[in-house]
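> Input: one structure, supplied below.
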């Protein structure tokens, strides 16, 4: 196996919070699928902007406003390059990925779907890619179809062409936030288009960890958040094909999204302002841009390779050490998974387990991970989840394993 060339100790040193100790021991943060930590460069970029350049954007002619606008729009350009989109104005800034997916369902869905129309989802979707479509089921009477899973947590594509027959949209995750499964995005986009459907990609878990290329995928929409890729919360991204965005009605009304307002109506502004009503997350955009600079500096191929190394080590270490006492959900092949692991351990309730791990300064999430349909598919109410990122290493896996041993002692196994 090829191994990453990243110096992870040097990477970790760039994250101030990861230098913190609790009760004299280092913090081991394994909840990056929920939200990532922030490097010093992101914190400094936002502070510098707030101290020296903060002003309204796209509204004023004075120099400070021009500087702020340049940095805001510069962040948009960085996003476009990071995902290899064609045009800056195809990149829409939102509050988060949830808003991005809702924007597509609300605006594209209400303009293009009618009673009986079909939208295809998968059984591994986050609630943010389920509930907006259920709202259209209730409002318009559309039909939802579901791509099932294999026993090892991958998509079962056996009947995909049948499921897509007559569909208008196929909305799917590029990487499961529960199973870590990486889906074959390019293949799924091609299947959607062959059926006459658009392809909507939830990239929240994928974009922070992998090279992303919307042109190679031939996707129609991509949604993701800043806070999972070392950037701040409060800003997300919707990328969409220009012709689709142009044809969609606005999502919100107000300042910035209009070209004209009259007593008898209004005219929308061109893209992307059409979908960016009100004062946008200006400082957050600067932070997002700095986060992309940070990841580009590491190299996304290096990020992916490092996480494959950590994932392989985690699978071998945890299964060899605990055997049947630990159940890791999702594929065992690191070629088709990320470094996110939902697991059950010796029958201990996930919330109890997470509290015990917290006593050892190991931060994991416990719950349904905003994926209740998938939990039901797995036959569980909740799982514990350890999710690794570029600042984690094999030592963190060892600390997790030792902490699981301590849980064994506490619960008397």
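> Using the per-residue mean of other Cβ atoms lying within 10 Å as a proxy for protection, in what order, highest first, do the peptides 207-213, 17-23 fall?
207-213, 17-23
> Using Cα atoms only, what is the angle between the long axis of helix 185-194 and the major principal axis of the chain, expressed in degrees (0 to 90) to the nearest 10?
Here the helix axis deviates by roughly 40 degrees.
> Same structure, new question: Going by Cα centres, the stretch 332-370 and the stretch 262-288 are how many Å apart?
Cα centroid of the stretch 332-370 versus Cα centroid of the stretch 262-288: 40 Å apart.
> What is the Cα centroid distance between the stretch 75-99 and the stretch 4-43, reported in whole angstrom?
26 Å
> Here is a follow-up. Would you kindly work out the equivalent ellipsoid of the stretch 111-219 from its C-alpha gyration tensor and give its semi-axes, the square roots of five times the eigenvalues, largest first in whole Å?
The three semi-axes for the stretch 111-219 are 21, 15, 14 Å.
> Provide the three semi-axes, in whole Å and in decreasing order, of the ellipsoid equivalent to the chain as defined by the square roots of 5 times the Cα gyration tensor eigenvalues.
Equivalent ellipsoid of the chain: 36, 28, 18 Å, largest first.
> Which length gain, in nm to one decimal place, applies between residue 409 and residue 66 when the Cα-Cα distance is subtracted from 0.36 nm times their residue separation?
Extra length available between residue 409 and residue 66 comes to 117.4 nm.
> Let me ask something else about it. Show me 162-174, 370-382, 37-49 ranked by packing, highest mean number of other Cβ atoms within 10 Å first.
Top to bottom by mean Cβ count within 10 Å: 162-174, 37-49, 370-382.
> Between rounded, prolate and oblate, where does the stretch 180-298 land on the alpha carbon gyration tensor, with a ≥ b ≥ c its root eigenvalues, rounded for a/c under 1.5, else prolate if a/b exceeds b/c?
Oblate.
> Going by alpha carbons, how many degrees (0 to 90, nearest 10) lie between the helix axis of 350-359 and the longest principal axis of the chain?
In the chain, helix 350-359 runs at an angle near 70 degrees to the longest axis.
> Something else: In what order do 126, 3 fall by count of nearby beta-carbon atoms within 10 Å, going from fewest to most?
If I rank by nearby Cβ atoms, fewest first, I get 3, 126.
> Something else: May I ask for the angle, rounded to the nearest 10°, between helix 40-52 and the longest principal axis of the chain, with both axes built from Cα atoms and the value confined to 0 to 90°?
Computed tilt is about 30 degrees.
All of the numbers you see were taken from the coordinates with simple rules; none came from a lab. Small disclaimer: the values here were computed from a predicted structure and weren't measured. Positions of Cβ are generated from backbone atoms using ideal geometry, with glycine treated the same way; all protein chains shown enter the neighbour counts.
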